Amino acid sequence: MRWLALLLALGACAEAATLEIHYAPAENLEAIDVAAIENAETAIDMAAYVLSDAAVIEALGDAADRGVAVRLYLDRAQYEGHAQAIADLIGRPGVEARIKPSGVLMHLKAYAVDGVRLRTGSGNFSRSGLSAQDNDALFTDDVSTVNRFERDFERIFDEGAPAP
């Protein structure tokens with residue numbers, strides 16, 4: 001939970017920064033994620049251990065159809081298990097997907113919208129992870145936190161293999 005303490009500390013230090021914390025199953029994280037994705041105007045960078053939730057996948061596809069650049073970085077084993085669910089998404093113009101090479105899990109559940117808003121937390125992008133399990137989703141617009149995610153995303157995305 002060090003990342004939570006870091007986010008809280010960064011949020012407290014930045015006057016204009018906001019931090020929102022949402023908890024499932026009391027809140028429907030699926031609807032919250034879909035709304036955040038629908039607000040994207042230029043780019044979404046998503047690192048997803050699991051990406052199987054139909055509403056999130058549809059929102060990402062709709063974003064790509066609007067001209068939003070969508071980049072996905074996925075765990076290899078989870079991608080292989082859910083490739084059919086995201087095949088249409090990965091085949092769309094404006095969507096680029098990379099898979100983590102074999103080895104340690106890629107366990108992130110995070111995305112940045114337009115390089116200015118970050119979503120992270122414990123909730124996988126699966127139906128049960130977003131609506132049935134005890135999970136959280138944290139959203140912040142703290143500049144240094146979003147920039148740190150984007151730097152790390154660039155590094156891991158560059159190391160990934162293109163999705164088949």
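The values are calculated or read from the model by the stated rules, or taken from the named source; none is laboratory data. Predicted model only: the values in this text are computed from it and were never measured. Because the Cβ atoms are built from the backbone with ideal geometry, glycine has one as well, and the counts that use them run over all protein chains shown.
Residue check, R98 against (1) assigned to a loop (DSSP other than H, G, I, E, B); (2) farther than 20 Å from S128 by Cα, all met but one. Which one?
The number of the failed condition is (1).
For the range 147-164, which residues satisfy the criterion of being under 12 Å from the mean Cα position of the chain (by Cα) and not charged (D, E, K, R)?
F149, F153
Could you give every pair whose Cβ atoms fall below 6 Å, whose first residue belongs to the range 119-140 and is under 17 Å from A55 (Cβ atoms) and surrounded by 24 or more Cβ atoms within 10 Å (Cβ to Cβ), and whose second residue is modelled with pLDDT under 90 and of a type in the set (A, V, I, L, M, F, W, C), counting only separations of at least 6 or pairs across chains?
So the pair list comes out as G123/L130.
Quick one: would you say I90 is modelled with pLDDT under 95, farther than 19 Å from S131 by Cβ and either of a type in the set (F, W, Y) or in contact with a strand residue (DSSP E or B) (Cβ under 6 Å, 6 or more places away or on another chain) (or both)?
So I90 passes the test.
When you scan the range 145-152, do you find a residue that is crowded, with 20+ Cβ neighbours inside 10 Å, touching a His at 6+ places or on another chain (Cβ under 8 Å) and not in a loop (DSSP other than H, G, I, E, B), even just one?
No: zero hits.
Among the residues of the range 153-164, how many are surrounded by fewer than 16 Cβ atoms within 10 Å (Cβ to Cβ) and either among the charged types (D, E, K, R) or in contact with a helix residue (DSSP H, G or I) (Cβ under 7 Å, 6 or more places away or on another chain) (or both)?
4
Rundown of residues vs (1) small (G, A, S); (2) in a strand (DSSP E or B); (3) at pLDDT below 95; (4) crowded, with 23+ Cβ neighbours inside 10 Å, yes/no style:
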| residue | (1), (2), (3), (4) |
| --- | --- |
| A47 | yes, yes, no, yes |
| L60 | no, no, no, yes |
| L72 | no, yes, no, yes |
| A77 | yes, no, yes, no |
| Q84 | no, no, yes, no |
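What number goes with the only condition from (1) assigned to a strand (DSSP E or B); (2) under 23 Å from A24 (Cα atoms) that L130 does not pass?
The failed condition is (1).
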